[in-house]
Amino acid sequence: MTTPISLVHAGRAARAAQAEAQALALAQAELKAASKAALDTLKTSCRLVPSLMTAVAIATTAIANVDGMGDAKANWQALAKELEVKYPGVIGNAVFLCRGDWQADDREAFLDSATTFGSELQKLSGICYTMEGKLDAVREAYYDYWKHIAALSGIILIYILAVVRMSTVSPATSAAAQAQLKRLGAITNGLVGKITAALGAYLALAGHALAALGGKFNSMSSIKPTGGLKIDFQKAEISTKPPSNWIAPKREIGAIHKDAPDPQVDKVIDGLTPESGN
């Protein structure tokens, strides 16, 4: 490698971000439409079978903050990309600047630190992507829930209309129809309750997972340097004495700097460069 790390092409990144935003907006619209259609159908059925108001009340508890979930997902994704590409790129550029010109004894320590720091940034980026994925899974769970509720409510409405029509045929079928409607209301309330409980159980598990991942961020505040890295900067001194093998640089005016290959530096930069940025 003979050039510093470059970030992802601006135009390509903008197009990718726009496509992701459109996909997220579409998913949010689908979730909102599914929940609205399901509730509207259930409310229509309630006019014919008032006992279904219990199902409506249960389903209403599962209305999600769709916009909030979308914003949270976008924020975690943006942070993950910053940690994956931008910051390793900044470190890589700093490493590139020391190619062949750094004669100080701490050059090795700097390269080791850059490698370690870049590796930790990639791990942190992975946590952010996991958080984004968990939020996306939660959104999918809500969407699946409302699809099932919408399908159930549609079938119930058709059945109710058929039973109501049967009750108007003759007085003999009226009593049987009313009994069927009462039974249908109880079954529907039970099904909606079970589906909602299943969603709640999944959300509880997802919440524990998100809390565990979030704890990794909280633990970062307690990280402190140890050993040779534990420096008291109030007492630290920088020596300006040249090393024993120090050679004064040439000072010819107009001298052209030769960018000689440095395998050691190139290896560090390659480790910092994410595959998506190549």
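A few notes on this one:
- Net lengthening on full extension, residue 197/residue 234 (0.36 nm per residue, minus Cα-Cα): 7.5 nm
- Farthest positive-ward along the range 31-218 dipole, Cα basis, beta-carbon charges - from 79, 93, 164: 164
- Per-residue Cβ neighbour rank within 10 angstrom, fewest leading, 235, 36: 235, 36
- Exposure proxy ranking, count of Cβ atoms within 10 Å, fewest first, for 61, 41, 130, 188: 61, 130, 41, 188
- Too-long pairs where the Cα-Cα distance tops 28 Å, listed order kept, from 73/267; 43/182; 81/194; 32/182: 73/267; 81/194; 32/182
- By other beta-carbon atoms within 10 Å, ranking 166, 69 with the fewest at the front produces 166, 69.
- Three-way shape call for the range 31-218 based on the alpha-carbon gyration tensor, with the a/c threshold at 1.5: prolate
Every number in this text was worked out from the coordinates using simple rules, so none of it is lab data. Quick caveat, the model's predicted, so the values are computed rather than measured. Please note: Cβ atoms are built from the backbone with ideal geometry, for glycine as well, and neighbour counts cover all protein chains shown.
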